[in-house]
1. Taking the Cβ of each residue in Val69, Val84, Val127 as the centre, tally the other Cβ atoms inside 10 Å and list the residues starting with the fewest.
2. Ignoring GluC sites (Glu not before Pro) that are buried or in helix or strand per DSSP, and keeping those with at most 16 other beta carbon atoms within 10 Å, what is the longest stretch of the chain between them?
3. Percent of Cα-Cα pairs more than 19 Å apart in the range 1-83, please.
4. As an exercise, identify the trypsin sites (Lys or Arg not before Pro) in the range 83-128 lying in DSSP coil whose Cβ has no more than 12 other Cβ atoms within 10 Å.
5. Computed over the Cα atoms, what is the radius of gyration of the chain divided by 2.2 N^0.38 Å, N being its residue count?
6. Using Cβ contacts closer than 10 Å as the measure, can you line up Ile2, Ile119 from fewest to most?
7. Run the quick spin-label model on Glu21 and Leu106: label points 7 Å from Cα toward the beta carbon, then report their separation in nm to one decimal.
8. Step through the table entries Lys61/Lys113; Lys72/Lys113; Lys19/Lys92, compare each Cα-Cα distance with 23 Å, and write down the pairs that go over it.
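Just so it is clear, none of the values below were taken in a lab; they were calculated from the coordinates. Computed from a prediction, not measured in an experiment: that's the story for all the values here. Cβ sites come from the backbone with ideal geometry, for glycine too, and all protein chains shown count toward neighbours.
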Amino acid sequence: MIVSVSGDTPYRTMFTDGKSEGFCDTTSDKGGSGSGFRPHDLLEAALASCINMNLRMFADKSKIRLDEVRVKVSLNRDDPEETVFEYEVELKGDLGPEERRMLAELGPCPVGKTMTKRISLRGSSAVFTPGDADKASDGTRF
């Protein structure tokens with residue numbers, strides 16, 4: 001689970017899984033300071049990282065020596081009815097044709113599988129004022 005918390009800088013948000021943390025922000029033309037990843041950047045990063053790790057794990061199991069894997073992902077939202085994640089993979093290493101074929105035919109990574117399923121959003125929200133802090137069931141203090 002990821003938790004995001006707002007701070008003093010307008011729109012800058014810290015997010016954490018309890019072990020690691022990062023920051024999101026919006027661009028200055030939208031009132032932010034541009035001092036973090038944009039939320040859509042994180043979607044691209046999730047897919048790029050997953051493809052990268054998936055290829056390296058497969059290569060390790062198959063005893064394929066990869067010097068470097070570079071994955072570029074961009075989110076194309078030009079069509080209002082469809083979101084397209086476009087990606088490019090660059091493999092560096094002394095790879096033979098069979099090894100390249102095996103890596104090219106590797107199926108989607110776990111994040112890619114998740115992103116191609118039907119996705120729903122379910123949320124709940126609670127609004128607390130400073131005097132209500134003791135009523136928060138999750139321990140959150142305001």
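1. On the way: Val69 18, Val84 10, Val127 6.
By the 10 Å Cβ count, ascending, the order reads Val127, Val84, Val69.
2. Working: sites that count: Glu81, Glu82, Glu105.
By the stated rule (loop sites, at most 16 other Cβ atoms within 10 Å), 1-80.
3. Values: 1912 of 3403 pairs.
Result for the distance tail: 56 percent.
4. Details: sites: Lys92, Arg100, Arg101, Lys113, Lys117, Arg118, Arg122; in loops: Lys117, Arg118, Arg122.
Passing sites in the range 83-128 are Lys117, Arg118, Arg122.
5. Working: Rg = 20.0 Å, N = 142, 2.2 N^0.38 = 14.5 Å.
So the chain has a normalised radius of gyration of 1.38.
6. On the way: Ile2 11, Ile119 7.
Ordered by Cβ neighbours within 10 Å, fewest first: Ile119, Ile2.
7. It is 3.3 nm.
8. Values: Lys61/Lys113 21 Å; Lys72/Lys113 18 Å; Lys19/Lys92 31 Å.
Beyond 23 Å between Cα atoms: Lys19/Lys92.
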